[in-house]
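K.L.:
Dropping the structure in here first, questions after.
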Amino acid sequence: MTVFTPTILLCAGGTGGHLFPAESLAHALRARGVRVALATDARVDAIASEFPASEVVTIASATPSGRSLVRRASAILTLGRGFGVAAKEIRRINPAAIVGFGGYPTVPPVLAGQILRVPTVLHEQNAVMGRANAFLARGARTIATGFKNVRGVPDTAKAPRVHTGNPLRPAVIEAAKVPYPAFGDGDVLRLLVFGGSQGARVMGEVVPEAVARLPADLRARLHLVQQVRPEDLTAVQNRYLAMGLAGIEAAPFFKDLPARMAASHLVVARSGASTVSELAAIGRPSILVPLPGALDQDQAANAATLAAIGAALAVKQSDFTPERLAADLTDCFATPAKLTAAADAARSAGILDAAERLAEVVIETAART
């Protein structure tokens, strides 16, 4: 194993979906005696305070998208100011390598590092490369990917690609130790439903109505845990109470989501990169409803990776109706062996040591300077 100890600067922000893989990498690097610094944006300052880094620097960023020319121009100016701050901080920190995790908050520090000739590693979590990473790909020394096949990498990107998988949180690694719960004829089906901040509304609209369409004997065999938006919580709970569903737990957020995934027979969720990677690592069957309207259709591509191996059903939101979901749930009750096979298929795609793999890539890239 390569031994290397200088500072590595991780760049992640915007959402936890970018920050959490960076956090897992930080733990893996620190375990090797490497000093870690984090460059992030103000939106995740609260989360970043718990980040395992020797120092955290906040760099202004914005997303230059949308139809408003004024907003786009303002975003570009903000990114420009962030670039200036980033260049100053990089000269001070003097990192041996920079790792970008996608999203526009990474553009100022990663671009500044590339111009200053600091070796850069990009990690792309999704099965379609995001716009920020695509913009930065030409100057990268190495491109690490969460999925084996990634679309949308520009032709100008000549850096070698390494499939590392998506770094996983410690709670996910622990949950992956739990065997798939036994499920057979007459058993209770443990269903977990979540959708994230952008997806909980459709789950709150569709899932209760699908459950209402199940025959009474199947409803009696259902144990349901569902993430629900705070503003929808009372209505969803009342809907389940009205149909006499006893085994129901609804809340806006579950801190122990990986453990709840491990306790489930089936998961209904969006298909963000972290969700798909965690389902594979823990080995749980799923019905995945990609977020519609995304320019890159990254969630659809993520879901397709599990659907292709029989680990998930990928359902367009336009097809995600109470009638369709009720039929899918009825099929799960009728054919327990399908769920067990899907769980095995999901687990076959899991990469539990993704953080360690990525740490090795980063250290090797830094050492090639």
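The numbers here are math on the coordinates, done by the rules we state, and not lab data. Note that the coordinates shown come from a computational prediction; the quantities given were computed from them, not determined experimentally. Note that each Cβ is placed from the backbone with ideal geometry, even for glycine, and that neighbours are counted across all protein chains shown.
K.L.:
Which angle from 0 to 90°, rounded to the nearest 10, does the C-alpha axis of helix 322-334 make with the longest principal axis of the chain?
P.N.:
70
K.L.:
Along Cα→Cβ, 7 Å out, is where each label goes; now give me the distance between the ones at Val188 and Ala308 in nm to one decimal.
P.N.:
3.8
K.L.:
If R0 is 25 Å, what FRET efficiency do you get for Arg324 and Arg221 from their C-beta distance, rounded to 0.05? Can you show the working numbers first?
P.N.:
Numbers: r = 20 Å, r/R0 = 0.80.
So the FRET efficiency works out to roughly 0.80.
K.L.:
Roughly how many nanometres apart are two label points built 7 Å out from the Cα toward the Cβ at Lys88 and Phe254?
P.N.:
Computed distance between label sites Lys88 and Phe254 equals 4.6 nm.
K.L.:
Quick one: which residues, 5 or more positions from Gln226 or on another chain, have an amide H under 5 Å from its amide H? H modelled 1.01 Å from N in the peptide plane, none for Pro or chain starts.
P.N.:
Distant-sequence amide H within range of Gln226: Val193, Glu249, Ala250, Ala251.
K.L.:
Residue by residue, what Karplus-based ³J(HN,Hα) values in Hz, rounded to whole numbers, does region 157-169 have, using 6.51, -1.76 and 1.60 with θ = phi - 60° and x for Gly and Pro?
P.N.:
Calculated HN-Hα couplings, in order: 7, 9, 5, x, 9, 10, 7, 9, x, 9, x, 10, 5 Hz.
K.L.:
For the chain, take N as its residue count and report Rg(C-alpha) divided by 2.2 N^0.38 Å. Could you put the intermediate results ahead of the total?
P.N.:
Values: Rg = 21.6 Å, N = 369, 2.2 N^0.38 = 20.8 Å.
After normalising by residue count via 2.2 N^0.38 Å, the value is 1.04.
K.L.:
For the chain, with a Gaussian network of springs between Cα atoms less than 10 Å apart, report the residue from Ile282, Ile351, Ile90 with the top mean-square fluctuation.
P.N.:
Of Ile282, Ile351, Ile90, the most mobile in the Gaussian network model is Ile90.
K.L.:
Moving to a separate point now. What's the magnitude of the charge dipole for the chain around its Cα centre, counting Lys and Arg as +1 and Asp and Glu as -1 at the beta-carbon? Answer in Debye, nearest 20.
P.N.:
Details: 38 positive and 30 negative charges, 251 e Å.
So the dipole magnitude of the chain works out to roughly 1200 debye.
K.L.:
By how many nm would the segment from Asp155 to Glu50 grow when fully extended, if each residue of separation counts as 0.36 nm and the alpha-carbon distance is taken off? Could the numbers behind the result be given before it?
P.N.:
Numbers: separation 105, 0.36 × 105 = 37.80 nm, distance 3.77 nm.
Result for the pair: 34.0 nm of gain on full extension.
K.L.:
Using the Karplus curve 6.51 cos²θ - 1.76 cosθ + 1.60 with θ = phi - 60°, work out ³J(HN,Hα) for each residue of region 177-194 in order, rounded to whole Hz, and write x for Gly and Pro.
P.N.:
7, 7, x, 5, x, 4, 8, x, 4, x, 6, 6, 8, 8, 10, 10, 10, 8
K.L.:
Still on this structure: Direction-averaged shadow area of the convex hull around the Cα atoms of region 172-242, nm²?
P.N.:
Computing the convex hull of the Cα atoms and averaging its projections yields 6.0 nm².
K.L.:
Check which residues have an amide H placed less than 5 Å from Val99's amide H, if you skip close sequence neighbours.
P.N.:
Leu9, Leu10, Cys11, Val121
K.L.:
Hey, in the GNM for the chain with a 10 angstrom Cα cutoff, which one of Arg169, Arg161, Arg91 fluctuates hardest?
P.N.:
Result: Arg91 has the largest fluctuation of those listed.
K.L.:
Once the mean 1/r over all distinct Cα pairs of region 188-309 is inverted, what Kirkwood radius in angstroms do you read off? Don't skip to the end; give the middle numbers.
P.N.:
Values: mean 1/r = 0.0677 Å⁻¹.
Evaluated over region 188-309, this radius sits at 14.8 Å.
K.L.:
Further, regarding this structure: Identify which of Arg81, Arg347, Arg229 has the largest mean-square fluctuation in a Gaussian network model of the chain, with springs joining Cα atoms closer than 10 Å.
P.N.:
Arg81
K.L.:
Right, here's the next one. If you line up the long axis of helix 69-93 against the longest principal axis of the chain, both from Cα atoms, how many degrees apart are they, to the nearest 10?
P.N.:
The angle comes out near 60 degrees.
K.L.:
Apply the Karplus curve 6.51 cos²θ - 1.76 cosθ + 1.60, θ = phi - 60°, to the phi angles in region 300-309 and return the couplings in whole Hz, x for Gly and Pro.
P.N.:
Rounded to whole hertz, the list is 5, 5, 4, 4, 4, 5, 7, 4, 5, 9.
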